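> Before we start, here is the structure in question, set down as structure tokens.
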Amino acid sequence: MNILYITMDGFDTASPNNQMAEQLIDGFLKLGHSVHLIQSERKHEYDTLPETLIGREGLTSDTLPRKIIDKSNFVKRYLDEAKYAFQMIPHARKHRDCDVVFLQSCPTVFFQEALLKLFVRKPVLYNVYDVWPGQAKSLNINKIVYAGMDLLSRLVYRMSSAVVVLSEDMVEACARAGCPREKLRVVRPWYDDRREYDIEWESNRFVKTFGIPRDKFYVQFAGSIGLQFNWRTMLEVAKLLRDEPDIVIQIVGDGCVKEQFVDAVGDQGLSNVEFYPLQPVDMVPDVYSAGDICLIPLRREVIYTGTPSKMPILLACGKAIVSSVEKDSLYAAMVERDDLGVCVEIDNAEELASAIKELHGDSSRLEHLCRHGREYAKKNLSRTVCVKKMADVLTDISDGGGAR
């Protein structure tokens, strides 16, 4: 199968999509498919292609220059991304002999999809990491702007041959937003089974770098400390656990609300919260392996339009996961059904603190979650398993099996 792979961001610029893109392309090539990649370049922070993809048989690429634009300037960003859609289409037309198009989601994906429909005319798999505009509505975005983005997203769903999302909650969100259910497929986030996880304490680079002692019980959040992170609930949890001398809360990462969180911890005089800077990507297994419990504390409505992409890696690291999400979500139902951790009601600091204390005091339950989660991830959430599922969707629509 000949795959035309189109993404807005390129490997040269740091992006949460890059790891998945590298693993998908590597996996497609190993399955015997050929790939032509169209990407952009902006910041030149990394090589145009990761080392694992350089010189690979069956892979060709086009890399188009784009400007660096401040994230806060929505209009300029939108126009620049729309411009990229027109820039990439001549390169896409040269590869009209492809069997199928893999299109990575972005806010301006409508322009790419419409141009592909006009000039390439091949089945398109639309890969959605976040349902857009989705939760933007809860962030008080202008109603007219939101309505326009919503209309464009509905048109994209209609033009796509298949729409791949990360969770059952996202299936429901897309269906409510006008996507025909017969087009929707679920391919969950995965961990990269080409590398080792569950790093032993004695060889853990994160532990060694910061001199972290082993005699505490570490409750960890590592990731983006941004708008989706429920720092106010975490602050209340820290206050409720301040008299538990063995329990330490680790916060690893950076983001737009970190300063508020740090200041609030200082104002409350909390000594049981430790902050660490964002770590390099290759340090992720070491970071996650340093926690006894790993937290996923989300803000309201986030779970319905996205899913915690870190969950597979946490499970592969052998960590017990405690999530603060809406209990009526399909994510919470999955966690309970498959015994993958503990879910507490969103914004309920008392319940979250209680769950932490219970696992701290119940070593057999904690060990079971760690062992079972690792086995579950290997069977269901590895790169090998999930990339094969994605390739199967591409094969299906290239053979005419997708909804048109």
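> Does GLU236 satisfy being farther than 27 Å from GLU259 by Cβ and either more than 20 Å from the chain's Cα centre (by Cα) or not in a loop (DSSP other than H, G, I, E, B) (or both)? I'd like the intermediate steps shown before the answer.
Working: farther than 27 Å from GLU259 by Cβ: no; either more than 20 Å from the chain's Cα centre (by Cα) or not in a loop (DSSP other than H, G, I, E, B) (or both): yes.
So GLU236 does not fit the description; no.
> Taking GLU51, is it more than 21 Å from ALA85 (Cβ to Cβ), among the acidic types (Asp, Glu) and free of Cβ contacts under 8 Å to residues at least 12 places away in the same chain?
Criteria met by GLU51.
> Something else about it: Has the range 295-307 got any residue that is surrounded by 23 or more Cβ atoms within 10 Å (Cβ to Cβ) and closer than 13 Å to ARG374 by Cβ?
no
> While we're looking at this one, here's another question. Across the range 172-231, which residue is surrounded by the fewest Cβ atoms within 10 Å (Cβ to Cβ) among those that are of a type in the set (Ser, Thr, Tyr) and without any contact (Cβ under 8 Å) to a residue 24 or more places away in the chain?
For the range 172-231, the residue satisfying everything is SER203.
> Oh, and also: Taking the range 371-389, which residues are assigned to a helix (DSSP H, G or I), out of contact with any helix residue (DSSP H, G or I) (no Cβ under 6 Å at 6 or more places or on another chain) and either buried (at least 20 other Cβ atoms within 10 Å of the Cβ) or of a type in the set (S, T, N, Q) (or both)?
Within the range 371-389, ASN380, THR384, CYS386 meet the criteria.
> Quick one: which strands (runs of 3 or more DSSP E) sit completely within the range 1-100 and have at least 1 residues that are under 26 Å from GLY253 (Cα atoms) and out of contact with any helix residue (DSSP H, G or I) (no Cβ under 7 Å at 6 or more places or on another chain)?
34-41
> Which number in (1) touching a strand residue (DSSP E or B) at 6+ places or on another chain (Cβ under 7 Å); (2) assigned to a loop (DSSP other than H, G, I, E, B); (3) at pLDDT below 95 marks the one condition that VAL131 misses?
In the conditions (1) touching a strand residue (DSSP E or B) at 6+ places or on another chain (Cβ under 7 Å); (2) assigned to a loop (DSSP other than H, G, I, E, B); (3) at pLDDT below 95, VAL131 misses (1) alone.
> Scan the range 65-106 residue by residue and report those that are crowded, with 16+ Cβ neighbours inside 10 Å, of a type outside the set (A, V, I, L, M, F, W, C) and closer than 28 Å to ASP392 by Cβ.
HIS91, HIS95, ASP99, GLN104, SER105
> With LYS43, LYS67, LYS94 as the choices, which residue is touching a residue at least 12 places away in the same chain (Cβ under 8 Å) and under 25 Å from LEU115 (Cα atoms)? Quick ask: steps written out before the conclusion?
On the way: LYS43 fails: under 25 Å from LEU115 (Cα atoms); LYS94 fails: touching a residue at least 12 places away in the same chain (Cβ under 8 Å).
Residue meeting the stated conditions: LYS67.
The values are calculated or read from the model by the stated rules, or taken from the named source; none is laboratory data. Note that the structure is a prediction, hence the values are computed from the model and not measured. Every residue, glycine as well, gets a Cβ built from its backbone with ideal geometry; the counts of neighbours run over all protein chains shown.
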